[in-house]
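Inspection log for the structure reproduced underneath, given as C-alpha cells.
The values are calculated or read from the model by the stated rules, or taken from the named source; none is laboratory data. These figures come from a predicted structure and were not determined experimentally. Backbone-built Cβ (ideal geometry, glycine too); neighbour counts: all protein chains shown. Ligands, DNA and RNA are excluded from the accessible area calculation, which covers all protein heavy atoms including side chains. Shrake-Rupley method; radii C 1.70, N 1.55, O 1.52, S 1.80 Å.
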Amino acid sequence: MRKKNLSASLSLLLPLVALLTPQLSVSTTVAGPAPALRPQGDPSIVGAWSPLTTLNSISSGPIVAIHTHLLPNGKVLVFTRQQAPDGNDNVNGFSRTYVWDPATNSVTSEAFNGTTNLFCSGHAFIHDGRLLVTGGHLGADGRGEPDANFYDWNTGAWSAAASMGRGRWYPSNVILGNSEMLVDAGTDENGGFNNQPQVWQTNNTWRPLSSAPDPHGNTYPWLHLAPNGQVFHSGPGQSANYLRTSGTGQWTFVDNNSVGNRDAGTAVTYDDGKVLIMGGGGATMASLPRRECEMINLNVSPVISTTETSVAPAPRWRRVGNMAFGRRQLNATLLPDGTVLVTGGTSSPGSDEPSGAILAAEIYNPDTEAWSTMASMQAKRLYHSTALLLPDGRVFSAGGGFPPGPGDPNHHPDYEIYSPPYLFKGPRPTITAAPSEVALNTNFFITTPDAASISKVTMIRLGSVTHAINQNQRMTQLVFRAQPGGLEVQFPGGANLTPSGHYMLFLVNSNGVPSVASIVKISFQTTGSNSIDDARYFVRMHYQDFLERDPINAADREGLVFWTRNITQCINDAACRDVKRRDVSNAFWSSTDFRSRPDVIADGLVNPPGSPTTYNNHQFIRYCYRIYLRREPDASGWAFWENDLNRDNNYKRIERAFLVSGEYRNRFHKP
C-alpha cells in the first residue's frame, strides 16, 4: 500500500465538481476502425496484440483503467483514481466513471457518482446485473469508505446501497448461491484492518458474520464460492480456509499452500470447484516474485471417517507447472476454451518495479497443467493494471500507474487488446439464437448451424477486476447434445456452481475456436441449491467416491460426458432424472475399475459368478456408508439396512435410499 498525507478538506470544492460533471452524458463522436494487430510469430500459436491505444474520456481526458467491469450489454465500465481540478488525487466524495464500447472503440457515456470516491473499492455483480461496489477511498490511501453503491447498466446511473457502517479500502466481494453477496477485509476509516465479514442481503440490508472475524489480515483477499456453498479464501496469505456464511459465520481451516505468501499474485476458479493460484511475492517486498503455481480441487471426497461427524477436510494444494516468469501485479483471465491467460506483472523485487516488467503473456492448459509463452504487449502493465475478457473472445488489457511505480514516471491511460491463438485457427462457430434468461436444472436450445462441430459449451461469469484480482469471473462447462438445427443444452443444477447473474455463453468447436458469446442471465434464486443436483457434478463425485480419482484423463472425460448425458436426456422430468441417477450409480457399482479396487477385493464385496446374490449383503451396506456417506457404518444403521436388503436383494432400492438421504446431500451443501 502507498501512504500519503490526508489533503485539506475539499468540502467547498466538491459541489463545484458535481455541477461541472453531469449525471450522464452520451458521446456522439464516431469512433475510428478497430486497431490492426501487431504480428509476433505465428498468431495461431502465440496470438497477437493490437497497437497501443489511448483510452480517452469524453470530458476529463485520458483514463487509467484501474477498475474494469464487463456489463451485461457487452460494454466495459471503467473507473480510476479521482483527481480534483487542482490535480490533487487524495479526494473523497465523488467519482467519474466511464463506459467504453468495444464495438466502436470509444467511451460512449459517463456517469457521475456524487457521494463516494470508488477508487480501491471491492465489486461484483448481483443477480440482476447491477454492480455492487463496496467501500472506496476516504481522502487518503489506507482509509476506507463505509458506503456501498450500485451501478445500473440499464440506466447508466449510480445509486446508493445500504451503508456497511464501517469503512473498507481494498475489500473483496463474492456472489453467494442464494444471490447474496459477501464482502470481506479492507482497511477502515482510521486505517485499521476491518476483520468483520458482512453479507449483503437481497432486501438491501447487511448481516454481519459476528462469530467469524477474518483471521488472515489480507487486503483484496482471493474469495471463491465453493460447490458446498461456503466461501473459499485462497490467498494471498499461505493459509486457505472455508467461511460458512449462514448465521453468524464460521471459519474452517483447509490447507496451507506450499510456497507461502503470494502478495500481489492472483487466483481463478477455472472449473467447478477448482482453484488455481499463481505468482505473487514472498514474505517481504524484497523477495523475488514467484513462478510457482498450485491448484486445489474443492470437489474431492472427504476421507472415510470412523465417526459420523468428525470428517477431516480433504482438499489439498498441489503443485502444477511453473510459469515461465515470476510475476507480481499480474492479471489472470479465464478464456472460453477453458484455458487461463496471464498478462503483465513484474519479475523484480519490490511491489511495483518496472525494470522487471513482463511483456509476454502466458496461457495455462488445465489438461496438461503446463504453461505456454505467448506474444508480448507493448506497455508495462503492473500495479493498477487490469485485464478483462470481452464477449468476442479477445482480452482488454489496460491501466497501470497512477501513481507510477519507482523508475517509471508514466501513467498508462491506454489499452491493448489480445487476440488468443484460437482466433487464428479457422472459422468461428456462430450462435443464431439463445435464450436471454434460463433457470437452473432446465434444458434449453441454442440455434446454430455448427452443431456437428461443437466440442464444448462453456459459461464465464462477467469480469470485475482491480488490483490483480477478478472478483466476479468463474467458469463452468455445460452438457449438450447435437439436435437438428442446433444444440440441446442442460443448464447446471446447482446455484453454488453457477450463482444468479449474467454469463458469457460460448460454443467452442473441435479446433478450439469459440463463438462470439451470447450473454445469458441465470434466474434469481434465494436458496443456494445443492450442487449434487447438477448432473455433471453428480457424475464427477461418483468418479471420486467410487474410483477415487477426478475425471480429468481423456477416457474419464468421455465417461463424464456419457454418464451426464444419461441423466440429462430426461430434459426437465424430475422423476426421470431420479431413475437415471440411480442407473448411473448402479453402473459405477458394476464397473471393473470399482470392483478391482484392492479394498473391494480384500473385503469380498462382490460374490463369485453363480452366487444367489450379486454382493455380500453385509459388505454392500458397509460400502454404501463408505461411498455415499464417507464413514464407517454405525452398528444400528448397518443392521437395519442389511435386514432391509435381505428381504429382496434389491440393490438399486438401497442405493436410492442413500442417494436421497439427508446425510448424503448434506455432504455437498454446507453454506
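Summary table below
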read-out: Total charge dipole magnitude, the chain, about the Cα centre, Cβ charges on Lys, Arg, Asp, Glu only, Debye to nearest 20; value: 320 debye
read-out: Accessible area of the chain belonging to carbon and sulfur atoms, whole % at 1.4 Å probe; value: 53 percent
read-out: Positive-end residue, the chain charge dipole about Cα centroid, Cβ charges, pick of 340, 635, 139; value: 635
read-out: Ordering of 61-73, 149-161 by burial proxy (mean other Cβ atoms within 10 Å per residue, highest first); value: 61-73, 149-161
read-out: Cα centroid separation - segment 493-545 against segment 584-640, whole Å; value: 32 Å
read-out: Residue-normalised accessible area of segment 135-270, expressed per residue, 1.4 Å probe, Å²; value: 28 Å²
read-out: Cβ-based charge dipole, the chain, positive-most Cα from 78, 41, 176; value: 41
read-out: Contact order relative to length of the chain, as percent, for alpha carbon pairs under 8 angstrom and 6 or more apart; value: 12 percent
read-out: Rounded to the nearest 20 debye, dipole of segment 173-305 from Cβ charges on Lys, Arg, Asp, Glu; value: 140 debye
read-out: Normalised contact order of segment 380-519, rounded percent, pairs of Cα under 8 Å and 6 or more residues apart; value: 27 percent
read-out: Sites residue 303 and residue 59, calculated FRET efficiency, Cβ-Cβ separation with R0 51 Å, nearest 0.05; value: 0.30
read-out: Over 24 Å (Cα to Cα) - which of 456/652; 75/425; 425/456 fall in this group; value: 456/652; 75/425
read-out: Cα-based shape type of segment 490-554, given that a ≥ b ≥ c are square roots of the gyration tensor eigenvalues and the cut on a/c is 1.5; value: oblate
read-out: No Cys partner within the rule (Cβ under 4.7 Å), the chain; value: 120, 293, 624
read-out: Gyration tensor (alpha-carbon) shape descriptor, segment 379-487, a/c threshold 1.5; value: prolate
read-out: In order through segment 255-260: 3J(HN,Hα) via Karplus (6.51 cos²θ - 1.76 cosθ + 1.60), integer Hz, x for Gly, Pro; value: 6, 9, 5, 7, 10, x
read-out: Calculated diffusion of segment 301-426, Stokes-Einstein form, Kirkwood radius summed over Cα pairs, 25 °C and 0.890 mPa s, µm²/s; value: 150 µm²/s
read-out: Whole-Hz couplings from phi, Karplus 6.51/-1.76/1.60, listed for segment 470-487; x for Gly and Pro; value: 8, 8, 10, 6, 6, 10, 9, 9, 9, 8, 8, 9, 6, 9, x, x, x, 10
read-out: For residue 240, distant residues with modelled amide H under 5 Å away; value: 254, 255, 256, 257
read-out: Gained length - residue 150 relative to residue 483, 0.36 nm times residue gap less alpha-carbon distance; value: 115.8 nm
read-out: Measure of compaction for segment 175-257 (Cα Rg per 2.2 N^0.38 Å); value: 1.03
read-out: Viscosity 1.002 mPa s, 20 °C: Kirkwood-radius Stokes-Einstein D of the chain over Cα pairs, µm²/s; value: 83 µm²/s
read-out: Shape of segment 34-163, Cα gyration tensor, a/c cut at 1.5; value: prolate
read-out: Nearest-ten-degree value, helix 635-646 long axis tilted from longest Cα axis of the chain; value: 60 degrees
read-out: Cα long-axis angle, helix 574-590 against the chain (0 to 90 degrees, to the nearest 10); value: 70 degrees
